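Below is one structure, written out as structure tokens; the observations come after it.
The values are calculated or read from the model by the stated rules, or taken from the named source; none is laboratory data. Every value quoted in this text rests on a predicted model; they were computed, and no experiment measured them. Cβ: placed from backbone, ideal geometry, glycine included. Neighbour counts: every protein chain shown.
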Amino acid sequence: MAVIPVDIAGRPYEVRVGAGLLAELVPQCRGRLRKRGVPIITDSNVHAAWGAVVEASLRDNGHEPHWRILPPGEATKSWDELAATVNWLLSLEVERGDHIIALGGGVIGDLTGFCASVLKRGCKFIQVPTTLLAQVDSSVGGKTAINTPAGKNLVGAFHQPSLVLADLSALETLPERDLLAGYAEVVKYGLIDDADFFAWCDTNAAAMLAGDSQLREYAVAHSVASKARIVAEDEFETTGKRALLNLGHTFGHALEAETGFSTRLLHGEAVALGMVIAARYSARRELMPRASAEHIARHIGEIGLPASLKALDLDCDGARLVEHMLHDKKMDGGTLPFLLLRGIGQTYLDKQVSLEDVAEFLDEELARG
Ligand SMILES: NC(=O)c1ccc[n+]([C@@H]2O[C@H](COP(=O)([O-])OP(=O)(O)OC[C@H]3O[C@@H](n4cnc5c(N)ncnc54)[C@H](O)[C@@H]3O)[C@@H](O)[C@H]2O)c1
Ligand SMILES: O=C(O)C(=O)C[C@@H](O)[C@H](O)[C@H](O)COP(=O)(O)O
Ligand SMILES: [Zn+2]
């Protein structure tokens, strides 16, 4: 098992990465779980695959589980589910010191973390991520949120978990499409500031995704360490450092909004395409070599993620995608900074981007064969 320490403003927690952690849930939580019933929030797919394993660990160790099993999918990150889940936690008489468990992907982690952040002005929670995306990204760093009709993650809080248990065995039941979508947030760390890791991805991603357990442990642990390092420098995204983790997301969130937050385009898929668009826009502006941008597009496309805006077959133009971007949380005094690249592993926040230019570029990409 790999243990990655996260030290955010003197509030440290561990991310443990290894196989079989779900079966050892109670010993891994080491006395954090309340005796009178443990609240666990999950979705129906995760419950079907792993509910019995988790339930056995709890019951064998003298804990009664209280399950809240939500519908899978992005629509669960909503005001209605937030209210209903908080009321459910209140009905269980959860106290501030109790730990709520988030068992699932990024949807469950984001919703549960937000519930924990507002319940009694802040309760403890444990992230038990079961998707690749949640293990490498969403379970770490404390961003929690729901979506609103205006856009993605527009209501939320920064609220750190007390512990993260990333069981690599959980990935065995994850559908191939969700596994691939999670890989987008893995290769993101290489593109942000770690060209060596991008080279590692180029060599090893296919075998890692095919199931090699050592490569999976390395990919998850390395990604978590990258995220922990960046978040530790800028927990609340105020200095521009944490914003680097948004690479591909300004374009990606606009595409998710345009496709109705539906399964037509998963978050990781949108981020993959968003990173290709960011790289191609950077090349068009002559900030990065065209060959590097096409290297990124080729890598993402060959692994099986979307790398062409035209292939999405959207019924919209660039101006409409830019309209979605106006809800981006990075908006600052009416301008929108973009994460652009000077090269692979050289992402930076550019505050001089013209939205008209972006819309024109997107029109070209929407038409490009
Ligand atoms: N807070 C953050 O820092 C952060 C970072 C990245 C993404 N996110 C958010 O995370 C969400 C995407 O997360 P996701 O990709 O994990 O999606 P998800 O939570 O929707 O899970 C993907 C699918 O896999 C199923 N599933 C999960 N684990 C499974 C398992 N082990 N076996 C079988 N099926 C399983 C789920 O039921 C769902 O159908 C988005 O809402 C995104 O905005 C948040
Ligand atoms: O942790 C961060 O910071 C990130 O930006 C991670 C992203 O992968 C994640 O999708 C995040 O939710 C996007 O940022 P947001 O602030 O627009 O919600
Ligand atoms: Zn993301």
- prompt: Which of the residues belonging to the stretch 239-270 are within 24 Å of residue 343 (Cα to Cα), in a loop (DSSP other than H, G, I, E, B) and without any contact (Cβ under 8 Å) to a residue 24 or more places away in the chain?
  reply: 239, 241
message: Looking only at the stretch 147-185, count every residue that is part of a helix (DSSP H, G or I) and either among the charged types (D, E, K, R) or within 16 Å of ligand 3 (Cβ to nearest atom) (or both) and tell me the total.
response: 11
task: Could you grab me the full set of residues in the stretch 322-369 that are under 26 Å from the mean Cα position of the chain (by Cα), free of Cβ contacts under 8 Å to residues at least 24 places away in the same chain and under 12 Å from residue 284 (Cβ atoms)?
output: 353
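Limited to the stretch 330-352, what total is found for residues that are among the aliphatic types (A, V, I, L, M) and assigned to a strand (DSSP E or B)?
Kept after step one, since they are among the aliphatic types (A, V, I, L, M), are these residues of the stretch 330-352: 331, 336, 339-341, 344, 349.
If we keep only those that are assigned to a strand (DSSP E or B) as well, we get 339-341, 349.
Qualifying residue count, the stretch 330-352: 4.
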task: Could you list all residues from the stretch 201-236 that are outside any helix (DSSP H, G or I), within 12 Å of ligand 2 (Cβ to nearest atom) and free of Cβ contacts under 8 Å to residues at least 12 places away in the same chain?
output: 234
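Looking only at the stretch 230-261, which residues are of a type in the set (Gly, Ala, Ser), surrounded by fewer than 24 Cβ atoms within 10 Å (Cβ to Cβ) and either away from ligand 1 (no atom under 13 Å from the Cβ) or more than 16 Å from the chain's Cα centre (by Cα) (or both)? Break it down into steps so the answer makes sense when it comes.
In the first step, residues of the stretch 230-261 are kept if they are of a type in the set (Gly, Ala, Ser); the result is 232, 240, 243, 248, 252, 254, 257, 260.
Still in the list and also surrounded by fewer than 24 Cβ atoms within 10 Å (Cβ to Cβ): 232, 240, 243, 257, 260.
Across the stretch 230-261, the qualifying residues are 232, 240, 257, 260.
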query: Pairs under 6 Å by beta carbon, first residue among the basic types (Lys, Arg) in the stretch 101-121, partner away from ligand 2 (no atom under 16 Å from the Cβ), six or more apart or different chains?
result: 120/96
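Among 128, 140, 118, 136, which is within 21 Å of residue 228 (Cβ to Cβ) and away from ligand 2 (no atom under 16 Å from the Cβ)?
Within the list 128, 140, 118, 136, the selection yields 128.
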message: Whether any residue in the stretch 348-363 is touching a Pro at 6+ places or on another chain (Cβ under 6 Å), farther than 23 Å from residue 185 by Cα and not hydrophobic (A, V, I, L, M, F, W, C) is what I want to check.
response: yes
query: On the given criteria, is residue 10 without any contact (Cβ under 8 Å) to a residue 12 or more places away in the chain and more than 15 Å from residue 125 (Cβ to Cβ)?
result: yes
field: Every residue from the stretch 36-50 that is at pLDDT 95 or above and closer than 18 Å to residue 92 by Cβ
entry: 38, 39, 40, 41, 42, 47
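Return yes or no: is residue 125 in contact with a strand residue (DSSP E or B) (Cβ under 6 Å, 6 or more places away or on another chain), in a strand (DSSP E or B) and within 14 Å of ligand 1 (Cβ to nearest atom)?
Values: in contact with a strand residue (DSSP E or B) (Cβ under 6 Å, 6 or more places away or on another chain): yes; in a strand (DSSP E or B): yes; within 14 Å of ligand 1 (Cβ to nearest atom): yes.
Against the criterion (in contact with a strand residue (DSSP E or B) (Cβ under 6 Å, 6 or more places away or on another chain), in a strand (DSSP E or B) and within 14 Å of ligand 1 (Cβ to nearest atom)), residue 125 qualifies.
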task: Please go through the stretch 93-116 and pick out each residue that is outside any helix (DSSP H, G or I) and crowded, with 17+ Cβ neighbours inside 10 Å.
output: 94, 98, 99, 100, 101, 102, 103, 104, 105
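Restricting to the stretch 272-291, name every residue that is in contact (Cβ under 8 Å) with a residue 24 or more places away in the chain and either surrounded by fewer than 21 Cβ atoms within 10 Å (Cβ to Cβ) or closer than 15 Å to residue 324 by Cα (or both). Before you say what the answer is, go through the steps one by one.
Going residue by residue through the stretch 272-291, those that are in contact (Cβ under 8 Å) with a residue 24 or more places away in the chain are 272-282, 284-285, 287-289.
Hits for the stretch 272-291 are 274, 284, 285, 287, 289.
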query: For the stretch 277-299, what are the residues that are touching a Leu at 6+ places or on another chain (Cβ under 8 Å) and not in a loop (DSSP other than H, G, I, E, B)?
result: 277, 278, 279, 281, 282, 292, 293, 296
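Please enumerate the residues belonging to the stretch 4-39 that are assigned to a strand (DSSP E or B) and in contact with a helix residue (DSSP H, G or I) (Cβ under 9 Å, 6 or more places away or on another chain).
Across the stretch 4-39, the qualifying residues are 4, 5, 6, 7, 8, 15, 16, 17, 18, 38, 39.
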